[in-house]
Amino acid sequence: LAEAYGLTNAAAYKEPAQRAIDFLVAAQNPGLGWRYAARCGDNDTSVTGWAVMALKSAHVSGLVVPRASFDGAKAWLRRVTEPNGCVGYTAMGTTDVFVPGKNDAWRGHPSMTAIGLLLRVYIDANRNDPLHPKSARLLVSDLPVWDAAKHEVDAYYWYYGTLALFQYQEDGSWKTWNVAMKNALVPSQRTRKDGCQDGSWDPEVDRWGFQGGRTYVTALNVMSL
């Protein structure tokens with residue numbers, strides 16, 4: 001909604017977008033981040049990432065976003081970020097996130113580190129933050145590879161890694177990542193010969209595909225590209 005308003009300046013989007021942002025702000029744990037319920041007292045980097053992206057879009061679009069919401073997200077990141085730039089999920093060191101019996105066969109990736117890098121760039125736009133190159137190196141050391149047999153596919157990680165390194169744009173890490181990302185995604189996309197699946201990606205080979213299905217995986221991969 002915030003992006004739709006920002007891109008079109010259409011009055012029909014402004015009120016619902018602002019109300020959505022107001023809801024997010026009210027749902028934030030005071031001085032920290034977000035999780036699955038409003039002001040529940042628990043925080044996680046994943047939900048906080050989605051929330052801050054919405055707030056950033058709203059801010060850029062001219063909607064009202066209190067600075068305190070960004071400051072709370074920064075406080076959460078400080079709590080879960082290690083000196084080497086690695087970011088945890090619900091605490092420092094909680095990096096391998098999975099659902100037992102669903103996707104525990106997949107190899108973990110530094111998804112939260114990608115979110116942390118993106119949010120630090122979004123919130124402060126400080127190119128000299130010493131954590132930036134450390135986080136970027138962690139991402140570039142785990143480039144996208146479409147290897148279904150080895151359970152390497154993770155559209156969620158690839159999306160955040162793509163967005164974070166595109167925003168960071170330092171030390172050549174974006175160019176390295178972008179080549180690998182395109183090489184992973186373009187050949188694996190379904191084509192006309194696949195009938196109704198034309199243009200999509202297969203969810204069963206993706207780490208979180210069981211949760212969101214073909215639409216989820218396709219949406220993330222298209223946004224990455």
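The values are calculated or read from the model by the stated rules, or taken from the named source; none is laboratory data. Quantities reported herein were computed from a predicted structural model and do not represent experimental measurements. Here Cβ is always computed from backbone atoms with ideal geometry, including for glycine, and neighbour counts include all displayed protein chains. For the accessible areas, the whole protein counts, side chains as well, though only heavy atoms, and no ligand, DNA or RNA atoms are used. Shrake-Rupley method; radii C 1.70, N 1.55, O 1.52, S 1.80 Å.
State yes or no: is L32 part of a loop (DSSP other than H, G, I, E, B) and farther than 26 Å from A4 by Cα? Judged against the criteria, L32 is a match. Considering only residues that are assigned to a loop (DSSP other than H, G, I, E, B) and without any contact (Cβ under 8 Å) to a residue 12 or more places away in the chain, which ones fall in the stretch 164-193? Within the stretch 164-193, Q169, G172, T191 qualify. Among the residues of the stretch 123-163, those that are within 20 Å of A184 (Cβ to Cβ), open to solvent by 20 Å² or more (accessible area, probe 1.4 Å) and either among the acidic types (D, E) or assigned to a loop (DSSP other than H, G, I, E, B) (or both) comprise S141, L143, V145, W146, D147, A148, A149, K150, H151, E152.
Has the stretch 36-46 got at least one residue that is in a helix (DSSP H, G or I) and among the basic types (K, R)? No: the stretch 36-46 contains no residue that is in a helix (DSSP H, G or I) and among the basic types (K, R). No other residue among R39, R35 is surrounded by 19 or more Cβ atoms within 10 Å (Cβ to Cβ) and at pLDDT 95 or above apart from R35. Scanning the stretch 76-97 for residues that are surrounded by 13 or more Cβ atoms within 10 Å (Cβ to Cβ) and touching a residue at least 40 places away in the same chain (Cβ under 8 Å) yields W76, L77, R79, T81, G85, C86, V87, G88, Y89, T90, V97.
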